[in-house]
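One structure is given here, and the rest of the page talks about it.
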Amino acid sequence: MSRKRSRLLSLLPFTALKWCGSIEFRKVRKASLDPAGSQESTLRKILRYGRDTEFGRIHGFSHILEAGDRAELYRRYRESVPASDYEYFRHYVNRMKEGTPDVLFKGKPVMYATTSGSTGEPKWIPVSRRYLKKVYRRMNRCWIYEWQRLRPGVYSGKILSVVGKTVEGRTADGTAIGSVSGFTLSKVPRVFSNIYSAPSAVFGIRDYTARNYAIMRIGIEQDITLLVTPNPSTLLELQHNVNDWLDEYITDIENGTLTDKVDIPGDIRAELLKGLSPNPGRAEELRQLRKKHSMLVPRHFWPNLKILCTWKCGNTQIYVDKIRHGFPKDILHQEMGYFSSECRAGLVLDDSDETVLFPHLHFYEFRKADQADNPDAKFLTLDELVPGERYCPFVTTFSGLYRYNMNDIVEASAPLFGTTPRIHMVQKVNGIVTITGEKLYESQFIDCVNRASRETGLGLNYFTAYANLKESRYDWYFEFSDESVNQKRAEDFSEVVDAFLKETNIEYAAKRDSNRLKAPATFRLQKQSFDSFKEAILSRTRRDPSRFKPNVLAQNEERHDIISQFILKSGLKRKNRK
């Protein structure tokens, strides 16, 4: 069989998936033309799905479903089920982890996703079979369809999808714990597997240097046309791996090997080696690229890359700025959309950065962001959102989360999808920090630092800020692109940021002008401080680097102490607060 014919046959399954995706796209379009009706129907379906469970009986789902109209349905639901965060569900989840069926939804979870919790104990997010098959996979089909529509030929090469570990552990009853994306990638049918750059086994490598080596040693040999990873900081890690290990890549590609200089478990190494063979032609291409460029970046070794899909919203924009110039100029850098371990709330379905919600798959409620702390604030439905307004979302899903507080601030936006506003992530609710009542938003700080950078011409590689409650001030940390910036220039830069914040936040201005909030302290950071900071955090938490999400503005004593370790020795010293 010719190579061309083989390639065409390999694309047939994707042609079928794109056809299925077009059907899913039409469904979300239809649901978005009538968000009120779609949301009522969806809530009834979710309540019927959970009616005969422990949670459903305790919270009167049968009674709620007897409501004769939409208004009565919502009234009963809100009276019977409190809007709450994860801690309200924890004891139910603990029972599920022990093996008890029919607790939050019928049967047992297919898997659990884990994410950080406000109490320090991780959140265990149960994933139902229905959620995985009828929600997550249907949304994936929609994605596949849209990528092809936006960039024809996107599947002409390989897909590099960087996901979390498929299995990080198991519960007492043997249910897998891991990432939903990793789990679904591991279940991809064999007919689709050859379109992916590397087998899912690569994401089971525990040593992250070795994992990144394996990903890039395989990926850099191939023609990658679609690159998907939620956190853009992952791309920085992969780029560092290229810089550090390029010679080893070339040797391995030439010989069809996998260096023993990195710690890859034997069973995974054996599986990866099955797909490798000598490729001296590609090895020579990489040698020539290395001679031509002082440092290789994706536009050099993946010139046909058509779509890059990552988060670009909130504080991830800082890392996007670090990577954007390394990719082909005509690439579509698509925002991944608003989702989390708890709920894949929607997708970006065009070349904008706005998330389309799926009214027929989840039930959404919202509180206005400025009423987030008001327990009596009115809850709004999807059809009541106003573009330009900010809200705190609450979700009800087919995976047993009911009126779950996402602890996020999103902004409704236009253009409408159907008759439904889109949304985009602004920041986590915990991105709001207050020392003396000023309620400083992370987004405000980021915007003002960026304005100051443009105003002064001083570029930044990284910046962050922490509340210093003892001194009643903010400690600001800057890694300037120009290493010659001295402490005086750094403090002058801080004065510009401070002035912009006073213009932006009237409460901040009032507290600063009254001296209740002291002037911020300025600290210059060492070169590559973000990488050092991230490594220090991960060495303590042992978490997947792709799920590392530091706040740019925070109140966190432990992380504050860690970042202070990377202050330039010639700069201002921060006293230990212990």
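Structure values in brief
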quantity: Leu65-Glu491 pseudo-label distance in nm [points 7 Å out on the Cα-to-Cβ vector]; calculated: 6.8
quantity: Partners for Lys108 among lysines (Cα-Cα distance below 20 Å; same-chain residues under 8 apart left out); calculated: Lys45, Lys97, Lys123, Lys133, Lys134, Lys187
quantity: Charge dipole (debye, nearest 20) of the chain; +1 at Cβ of Lys and Arg, -1 at Cβ of Asp and Glu; calculated: 1460
quantity: Anisotropy class of the stretch 376-441 from Cα gyration tensor, a/c 1.5 cut; calculated: oblate
quantity: Portion, in percent, of the accessible area of the chain that falls on carbon or sulfur, probe 1.4 Å; calculated: 48
quantity: Of every Cα-Cα pair in the chain, the percent that sits beyond 35 Å; calculated: 43
quantity: Accessible area of the chain divided out per residue, in Å², using a probe of 1.4 angstrom; calculated: 43
quantity: Per-pair calculated FRET efficiency, R0 = 41 Å: Asp350 and Arg57 via Cβ, rounded to 0.05; calculated: 0.45
quantity: Share antiparallel - DSSP beta bridges, the chain, percent rounded to 5; calculated: 65
quantity: Fully extended contour minus Cα-Cα distance, from Tyr196 to Lys133, at 0.36 nm per residue; calculated: 20.6 nm
quantity: Rh by Kirkwood over Cα pairs, then Stokes-Einstein D for the stretch 223-324 at 0.692 mPa s and 37 °C, µm²/s; calculated: 214
quantity: Nearest-10 value in Å² for the accessible area of Asp321, using the 1.4 Å probe; calculated: 70
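The values are calculated or read from the model by the stated rules, or taken from the named source; none is laboratory data. Keep in mind it's a predicted model, so treat the numbers as computed, not measured. All Cβ positions, even for glycine, are placed from backbone atoms using ideal geometry, and neighbour counts span all protein chains on display. Note: areas computed on protein heavy atoms with side chains; ligands, DNA, RNA excluded. Shrake-Rupley method; radii C 1.70, N 1.55, O 1.52, S 1.80 Å.
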